[in-house]
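Colleague: Sharing a structure with you now.
What follows is calculated from the coordinates using simple rules that are stated; it is not laboratory data. It should be emphasised that the depicted structure is a prediction, and the values quoted were computed from it without experimental measurement. When we count neighbours, we look across all protein chains shown, and the Cβ atoms used for this are built from the backbone with ideal geometry, even at glycine.
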C-alpha cells in the first residue's frame, strides 16, 4: 500500500451538453493520504461530483492520471473497473440509493454476492455491518419502512460490507435533518478513526465538513485551497 | 371545470415513443384479427346472401337441404315447369324455368392440388331467367346440344383448362370452353353447360333442381305449401335468397363466432397490455400528476386526461389494425361449402361496418385498459405525488 | 440473482400479473390454433398406409354399383372391401352436424384396427339391422347411451312417408389413433339399401365409396393400379387413392382456412411480443437507478443484463405455463365444440412444447432490449436517473 491512497495529476474532464463544451475539471492535482478524511466543498458546478466519480472509477478522465489504491484507473477497462470498485470502494449517495425491493439486510448483502463467500458468511458479514451502524433491529425492514437517517445508515453498512479501503460519499447528509445528519457524520468519523477507512465526502454543509480532517475547496474545476482541521487530524497515518 | 390541455396528452404520447408505438402495435395486431374475420364474414355475406333474388324460386325434392341432395327425373321437372301457373312467361309464352343438373367434380388448381368444382347443366331459358345479372365477359354462350362449356370468372385464373378455347374433359367426354361469364355470388365459381349434354357426360339420370322466375306478386309461401303436398311432383320451394342464406348461415355464423372468439380472447390480452402501459405511464409521471394537482386541476380532469390518452392509444391501434388488413380487401379466397363439398370463392371485403366495428373495438380496449390506471392517477394525493421524484 | 429477480417481479405485482395474464391468454390461443391445425391435418398425417379408397372417377358424388365390392375383393392384395355410404342426415337440427356412414358390419371392424369398443359390443351391432355404433364424442355431446334410439332425418335419403330414420345405439367406440375421428355414427348399409329397394326411402342406389383393406405384404401402389385397371372399361370407372390422398381432397376443399389460422396465430405472436417488450422496457426504465447502484458497487454489465433477461423469461414462462394449463383444461370442451369440423383436437406434447418454446423465445428477445440498454448505460447516467 502506498502512503497516498489517492493521487491525481493534471486531471482534465469535459462534457458536451446542449452542443456546448463544458470544462468541468481543468488540470487538477490532488493527493490524499491513506486513512485521511477529506471533505470536498465548492459551489454547484465546481466539479465535485465529477471528481468523486473519477476517483470512484465510475468515470474516466480525458487527460491526466488517477491513481487510487495503487491502480492507474485510466488504464483499466470497464470490466476491470467494475472488479476494482468491488474490491476497493464503497459508495454512499445523497439519495441513499437502496434497492426498494430488498430488505435492509439483503441490500447490505448485495455487494457481497460479488465475492466467493458462502451464503452464511455473507449473511453474517452483512449483519456485522448493520450492527456497526446500529441497525440490528431493523434488518428485515424494507427501505420504505425506514427513516431517512436509517436508510442512509443502511447505505453506509452496504458501503463497508465489502471492507473497502476507500469510502466515497456524495452529499450523504443532503436529504437528512440535522440530528440524523449528525448521526451519519459521527458514523463516518468513527469508520475513519477506528477502522482506518480513507473517506472522501462531497458536501455543501460547513458543519458537515467540520467532521473531516481536511477540507478541499473546489471552484470552477480548479483546486482553490486545502485547509487542515487540526483537532481531527489523526496522530499518525 | 378546467380540463388538462390535450397538448399534454399528445406530448406525453410523443415523448414516450417506444411505449406508445409498442402499445399501438400490440392493440393493432389484436384489432387486425377481429377485422380480418369480419372482412371474411362480410365478403361471404355480400357474396352469397345479399345477392339472392326474391323473384327467383328454387324447387327441390322435399327433404333436401341443398341441390346436391335433390333429384328430379326430366319427366317431373318438365311437369313442374309447365304446370305451375305461378311461373312467369317470356314474350313467346314459354314458362321461364330451367331444370338444372349439378355435380361437383374434382379439378386441378393452377397452383397444384385438386378440389371439387361445381358443374351445372342448365336449360337455355337460364339466360333469360338471370337477365342482366349474367354477362359474358369473354367468348359466347354455349350452344344447345353442343359439348361446350362456359366458365365462371373466378375460376379462369385458378384452375387448369378454364380459358376460352381450352378443352376440358368431363368424365370421358371432351368439352370445349367457349366463354367466360360473370354472374352473381357463387355462380362465378361454377362451370355451366347444356343440361342434357352434361347429364349424359356425367352419366346422371336425374336433374337436381328447377330454377324459375315467378310472376310478380306471387305468394311464395302458398306455392310452397301447395307443392309440398302435391301428389304428382312434391317439391320444396324457396326463394333464391332464402336458399342461399340457408346454404351459408352456418359458415357465416362460424366466421362471426370465430371472429368474436379470437377477437375476444386477444382483446382481453390487449386490455391487460393497455392497462400495463398506462400504469407504467402513471408510475413514471407521478411527479407530474402531483404538479398538475397542485396547480389546481381537479382529480376528474386528471382522470379524463389519462383515459383520453389510453383511448388515443386504442384509436391508433385500431387504425393500425385496419391498415394491416386493408391490403386484403378484394383478395379472393376459397373455402369449403360443407353442404356441397365444393369450393366457394369469395373476396375479403373491408366494408364500413368492419371499419366501425374494428375502431369501436379498439376504443373499447383503450377505455377498459385505461380506466383503472386513470382512476389511480386521479386518486393520488398531491403531496405524496409531489414527493416522489 | 434469482431472488433479486423475484423481488422485482413481486414488487410490481399488478404489472407482473397483467403481463403474465396476457401471455397466458396468448399461449392459450396459440395452443388452440396449433391443435386445430394439427387436428385438421391429422386425417392426412395419420392416415393408414394399408387402406385404399375407391371412388367414382367422375365425381365423389357419383355412386358406384354395389356389385363392385366382390370385384374389389377379388383383386390381388385386397384383404377386405367395405362399403362406405355418406348419409348426410340431420339429428334434430341442422346445427347438430355429425357424419353418418352406412358400412358393412362384417368387414368394417377388420378394416379399422383403430376401433376400440368401449361400451356395448360389436357383435350386437352386427346382429341388429337397425343398429349403429357411435363415437364416444357423440355420446358425450348428445348424451346418447346404449339402447337409445337416435332419430335421423334423411336429406339425401328421405323417408318416403316423411319422418326420421331410427337407429339403435348398440356400441360406442373410441379411436385408438387420430386417423379416425370420435364423432361419427356408423350403421348397417344393408338397412339403407333394403329401405331404398322397398321404396321406403328415396335416393340413389349404389355405394358412395369403397374402402379396401390390403394384406400386410401387399404393395399399395400396385393394388391401386390393379383396382383402377379392373374397372377401366366400365361400367363405371373408378379412382383409387391412398387414405392420405383421400383425406387431402377434403383438406384442400377447406381452401385457405389453415393459412388463415396460421395468420391469426402470427398476429397473436406479434401482439404478445410487443406487449411483453413494452413491459420489460418499462421495467428497465424504472430500474435505471438500481442499475446504477449495482454497477457502482462493482457488478458487471453481464449481471445487470441477465437480471432483466431472467425477469422477462420468468414472466413469459410462468405466463405460458398458466396458458397451457388453461388450454389443457379447455381441451375437453373444445373437443366436443369442434367435433365434426376438426378430425381430432388434442393439446399434444408437441403443441405444448411448441408454445413453451415460443414463450421462451419471446421472453428472451423482450429481455434483451432493456437488458442491453441497462448494460450499456454509463453508471453515472444511470445514477442520475430519477427513480
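Colleague: Does anyone have the angle between helix B:6-15 and the longest principal axis of chain B? Alpha-carbon axes, 0 to 90°, nearest 10?
Modeller: The helix B:6-15 is inclined about 90 degrees to chain B.
Colleague: Here's a follow-up. Mind jotting down the distance between the C-alpha centroids of region C:344-387 and region B:204-246, whole Å?
Modeller: What the calculation gives is 63 Å, centre to centre.
Colleague: If the chain between residue A:115 and residue A:226 were fully stretched, how many nm would it gain, using 0.36 nm times the residue separation less the Cα-Cα distance?
Modeller: Gain in length upon complete extension: 36.3 nm.
Colleague: Rounded, prolate or oblate: pick one for the protein assembly as shown, where a ≥ b ≥ c are the square roots of the eigenvalues of its C-alpha gyration tensor, a/c under 1.5 means rounded, and failing that, prolate if a/b is larger than b/c, else oblate.
Modeller: Note, shape of the protein assembly as shown comes out prolate.
Colleague: Where does helix A:119-132 land angle-wise versus the long Cα axis of chain A, in degrees 0 to 90, nearest 10?
Modeller: The answer is roughly 70 degrees.
Colleague: Then there is this: Quick check: from the Cα gyration tensor, does region C:119-167 come out rounded (a/c under 1.5), prolate or oblate?
Modeller: Oblate is the answer for region C:119-167, as a/c is 1.5 or above yet b/c matches or exceeds a/b.
Colleague: If I fit a long axis through the Cα atoms of helix C:288-297 and take the longest principal axis of the Cα atoms of chain C, what angle between them do I get, 0 to 90°, rounded to 10?
Modeller: Long axis of C:288-297 versus the principal axis of chain C: about 60 degrees.
Colleague: Still on this structure, I have one more. Residues of region C:23-48 with amide nitrogen under 20 Å from the 7 Å Cα-to-Cβ point of residue C:331?
Modeller: Of the residues in region C:23-48, C:24-43, C:45-46 have backbone N under 20 Å from the label point off residue C:331.
Colleague: Roughly what would the spin-label model give for residue C:365 and residue B:215, points 7 Å off Cα along C-beta, in nm?
Modeller: 6.9
Colleague: Given a Förster radius of 45 Å and the C-beta distance between residue C:381 and residue B:261 as r, what FRET efficiency does 1/(1 + (r/R0)^6) yield to the nearest 0.05?
Modeller: Given R0 = 45 Å and the Cβ-Cβ separation, E is 0.40.
Colleague: Separate question: In nm, to one decimal, how far is the modelled label at residue B:11 from the one at residue B:138, with both set 7 Å along Cα→Cβ?
Modeller: 6.2
Colleague: Could you work out the helix-only [θ] at 222 nm for chain B, with each DSSP H run of four or more residues adding -39,500 (n - 2.57) and the total divided by the number of residues, to the nearest 500 deg cm²/dmol? Mind showing how you got there, number by number?
Modeller: Values: 12 runs with 189 residues, N = 389.
My calculation for chain B gives -16000 deg cm²/dmol from helical runs alone.
Colleague: Further question: Calculate the length of the line joining the C-alpha centroid of region B:101-132 to that of region A:31-51, in whole Å.
Modeller: Computed from Cα coordinates, the inter-centre distance equals 92 Å.
Colleague: Helix-only mean residue ellipticity at 222 nm, chain C, DSSP H runs n ≥ 4 weighted -39,500 (n - 2.57), per residue, nearest 500. What is it?
Modeller: Details: 14 runs with 212 residues, N = 387.
Only helices count here, giving -18000 deg cm²/dmol.
Colleague: Whole-Å semi-axes of chain C's equivalent ellipsoid, largest first, each the root of 5 times a Cα gyration tensor eigenvalue?
Modeller: For chain C, the ellipsoid semi-axes come out as 59, 22, 16 Å.
Colleague: At a Förster radius of 60 Å, what calculated FRET efficiency corresponds to the Cβ-Cβ distance of residue C:106 and residue C:17, to the nearest 0.05?
Modeller: In this case the efficiency is close to 0.50.
Colleague: What is the projected area of the convex hull of the Cα atoms of region B:56-215, averaged over all directions, in nm²?
Modeller: Its Cα hull, projected and averaged over all orientations, spans 9.3 nm².
Colleague: May I pose another question? Between region C:85-119 and region C:200-271, how far is it from one alpha carbon centroid to the other, in angstrom?
Modeller: What the calculation gives is 17 Å, centre to centre.
Colleague: Compute the FRET efficiency between residue C:160 and residue B:323 as 1/(1 + (r/R0)^6), taking r as their Cβ-Cβ distance and R0 = 60 Å, and round to the nearest 0.05.
Modeller: Once rounded, the FRET efficiency stands at 0.55.
Colleague: Would you compute, for the Cα atoms of region A:4-232, the largest minus smallest coordinate along each principal axis and list the three values in descending order, in whole Å?
Modeller: Computed over region A:4-232, the largest-to-smallest principal extents equal 47, 38, 37 Å.
Colleague: Looking only at chain C, where both bridge partners belong to it, what percent of the DSSP beta bridges are antiparallel (to the nearest 5)?
Modeller: 75
Colleague: Would you kindly work out the equivalent ellipsoid of chain B from its C-alpha gyration tensor and give its semi-axes, the square roots of five times the eigenvalues, largest first in whole Å?
Modeller: Each semi-axis is the square root of five times an eigenvalue, giving 60, 22, 15 Å.
Colleague: Given the Cα-Cα distance of residue B:89 and residue B:300 and 0.36 nm per residue of separation, how much length would full extension add, in nm? Display every interim value, and only then the final one.
Modeller: Values: separation 211, 0.36 × 211 = 75.96 nm, distance 7.18 nm.
My answer for the length gained is 68.8 nm.
Colleague: Determine the shape class of region C:58-236: with a ≥ b ≥ c the square roots of the Cα gyration tensor eigenvalues, call it rounded for a/c under 1.5, and otherwise prolate if a/b is greater than b/c, oblate otherwise.
Modeller: Details: a/c = 2.07, a/b = 1.32, b/c = 1.57.
Judged from the Cα gyration tensor, region C:58-236 comes out oblate (a/c at least 1.5, b/c at or above a/b).
Colleague: Here's a follow-up. On alpha-carbon atoms, Rg over Rh for region C:151-300 using Kirkwood Rh?
Modeller: With Rg and the Kirkwood Rh in hand, the quotient comes to 1.32.
Colleague: Obtain the nm distance between the two label points defined at residue A:144 and residue B:172 by a simple spin-label model: each point lies 7 Å from its Cα along the Cα-to-C-beta direction.
Modeller: Each label point is offset 7 Å from its Cα along the Cβ direction, giving 8.7 nm.
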